[in-house]
Structure formats: structure tokens, C-alpha cells
Amino acid sequence: MPRAPKKPSRKSPAVAAPSGATPRAIIENVQPGIDAGRFAAKRTQGEIVRVEADVFADGHDKVAADLLYRHAGLRRDGASDAPWTRVPMTLVDNDRWAAEFRVDELGFYEFTVDAWVDAFATWRDGLSKKFGAGQDVDLELREGAGWLRQKAEGRKLKTFADRIDGPGDAAARVAAALSSGLADAVRADERMRHGVARDARTLAVMVERERARFGAWYEMFPRSAGPDPTRSATFDEAAERLPAIAAMGFDIVYL
């Protein structure tokens, strides 16, 4: 007896995205996905697609994740070479991360998830805890500044590095290190990410017109819809029936 085809696993092993280092982040249970991504989820034009995934890694290091999406055209053939749009994912609870994107074009959208161990967020977390406990953090500040200078190429990050490693008191230097401006600058610079893992699956969303949500269909036989029962009606005569059909609450006529 021939064996049935194997269904895709709901656990999607992460594969290395082109970033150089071996990935440590694990990506699982990406949603929305019908039958583990075998079929496309459905939305209508203008709706928001919320994507969630479990993202974690070994040890106690912080992780980060991005949602990647693009319009793939009117067919789901896996041949799209359109550039990805990135949206930072936010931690929802435990290991669950989420982000959203809007679908405005008909056809198929593709999406996937990138994740990595966030060395910068891990450093910030340790710095915040030590400083809050009243410990000396001069070494941590110098370490962070050196890391920024080594990794960064933009002037903005180097300016932050100088402030962190500057002559000011510890509180001012820590405030610079923990500022949202620095966090946003690091998050936006893809060169600061190492060991990026990408979900092994590319999932899809099929986008249809709003009318596809629901509708009342009326089956019509044009030849029988004319005013004279002794002969077949013309299409023009059948079309005269459309206002009466619409008045009964029907949205769609199919022949």
C-alpha cells in the first residue's frame, strides 16, 4: 500500500539567515498558519494580519525577532523576489512574540520570522540590574562602549559610545546606555545582529475582496428571465431583472 505524503511539522526548525554566525535562536509555532503552513490563511483587503511566534534560546541571554513580509503576486508559486519589509516583533508573554502588517493588495502575501540572540539587550539588562543594586558598573560601561565602537559604522552609535565611556558621573553614563534613543539606533542597524535564524517555512496569506467575507448568491438562468415565457430571453432582458434581485437582498449573481 502506498504511503500517504508526510504532512509538514508544526515545529519549524530555524535555518541560518545570511549573517555569518551560527544561530542560537529557536523559532516555533508561527501563526497564522493553516495545517502548519500547508494552506494560506485568508484575509480581505485592508485587514491587519497579526503574526505570532515562539522565540527562545539557550541560556539567559535576551532574544529579539523581526517579522518579514512582502506581496508575492496573484499566485502562490514561491517565485517572488520582492524585497522583504521588516517589522520589529514585541514580547507578548513568556516566549511569545508578535507583530502586525496590513494587506492592501489582492493576491498573496508571504511572511516569515527572523530571530537572534540580542547581545546589546543582554548587556543593557545586566547593566541595569547591577546599577540598580548599587554596584560599580564602570567596567560594564567601558565594555558596552567598546562593543559599540567595534560594531558600529554610523556616527550616531559612536556618539553614544563616547557618552557611555565619557568623563561624566556613573548615573549620566548609565542613562545614556539605557536610553531609548540608543536602543532604537541599535535595533535599526542590521549590522548589529549576529547569528540570525530564519524560520524554515515561508507562510502565506491570501487576500481577497471584502465581498469574499460573506454574500448572498442568486443563481440565474438568463434564457428564463425574460418577459415573454414563449421564447428565450436575451441578456439585455435578463439584466432588467437585476434591480429586483438586489431588492431581495442578494449580493452576487452567478450564471
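FYI, it's all coordinate maths here, none of it is from the lab. These numbers were taken from a predicted model, which means no experiment stands behind them. Cβ sites come from the backbone with ideal geometry, for glycine too, and all protein chains shown count toward neighbours.
Any chance you could give the angle, 0 to 90 degrees and rounded to 10, that helix 138-151 forms with the longest Cα principal axis of the chain?
50 degrees
Using the 10 angstrom Cβ neighbour count as an exposure proxy, how do 111, 160, 214, 221 rank, fewest first?
214, 221, 160, 111
Between residue 94 and residue 175, what's the calculated FRET efficiency when r is the beta-carbon distance and R0 is 30 Å? Round to 0.05.
Calculated transfer efficiency: 0.50.
Given 26, 157, 91, which one lies farthest toward the positive end of the charge dipole of the stretch 19-166, if we put +1 on the Cβ of every Lys and Arg and -1 on the Cβ of every Asp and Glu?
Working it through, the farthest residue towards the positive pole turns out to be 157.
Between residue 125 and residue 149, what is 0.36 nm times their sequence separation minus the Cα-Cα distance? Round to one decimal in nm.
Going from the current span to full extension adds 6.7 nm.
Once you have a ≥ b ≥ c as the square roots of the Cα gyration tensor eigenvalues for the stretch 120-190, tell me rounded if a/c is under 1.5, and otherwise prolate or oblate according to whether a/b is larger than b/c.
prolate
So what's the stretch 215-254 giving for Cα Rg divided by 2.2 N^0.38 Å, two decimals?
Against the empirical 2.2 N^0.38 Å value, I get 1.15 for the stretch 215-254.
7 Å from Cα along Cα→Cβ at both residue 142 and residue 85: what's the point-to-point distance in nm?
Here the answer is 4.6 nm between the modelled labels.
Taking the Cα atoms only, what angle lies between the long axis of helix 119-132 and the longest principal axis of the chain, rounded to 10 degrees?
Relative to the chain, helix 119-132 is tipped by roughly 50 degrees.
Let's test the formula: R0 of 45 Å, r as the Cβ-Cβ distance of residue 236 and residue 106. What FRET efficiency results, to the nearest 0.05? Provide the component values of the computation, followed by the final result.
On the way: r = 31 Å, r/R0 = 0.68.
The pair residue 236/residue 106 has a calculated efficiency of 0.90.
Report the trypsin sites (Lys or Arg not before Pro) located in the stretch 82-138 that are in a DSSP loop and have at most 13 other Cβ atoms inside 10 Å of their Cβ, or state none.
Counting only loop positions with at most 13 other Cβ atoms within 10 Å, none of the trypsin sites (Lys or Arg not before Pro) in the stretch 82-138 qualifies.
Filter the GluC sites (Glu not before Pro) in the stretch 190-244 down to the DSSP loop ones having no more than 15 other Cβ atoms within 10 Å, then list what survives.
Hits after loop and neighbour filter: 240.
So how do 109, 254, 218 line up by other beta-carbon neighbours within 10 Å, fewest first?
By the 10 Å Cβ count, ascending, the order reads 254, 218, 109.
Based on Cα coordinates alone, diagonalise the gyration tensor for the chain, multiply each eigenvalue by 5, take square roots, and list the semi-axes in whole Å, largest first.
56, 21, 15
Taking 7 Å along the Cα-to-C-beta vector as the label spot, tell me the residue 247-residue 158 distance in nanometres, rounded to one decimal.
Result: 7.8 nm between the two label points.
Where does helix 155-164 land angle-wise versus the long Cα axis of the chain, in degrees 0 to 90, nearest 10?
40 degrees
Can you tell me how much longer the chain between residue 188 and residue 214 gets when fully stretched, taken as 0.36 nm per residue apart minus their C-alpha distance, in nm with one decimal? List each step's numbers first, then the result.
Numbers: separation 26, 0.36 × 26 = 9.36 nm, distance 4.09 nm.
Full extension from residue 188 to residue 214 adds 5.3 nm.
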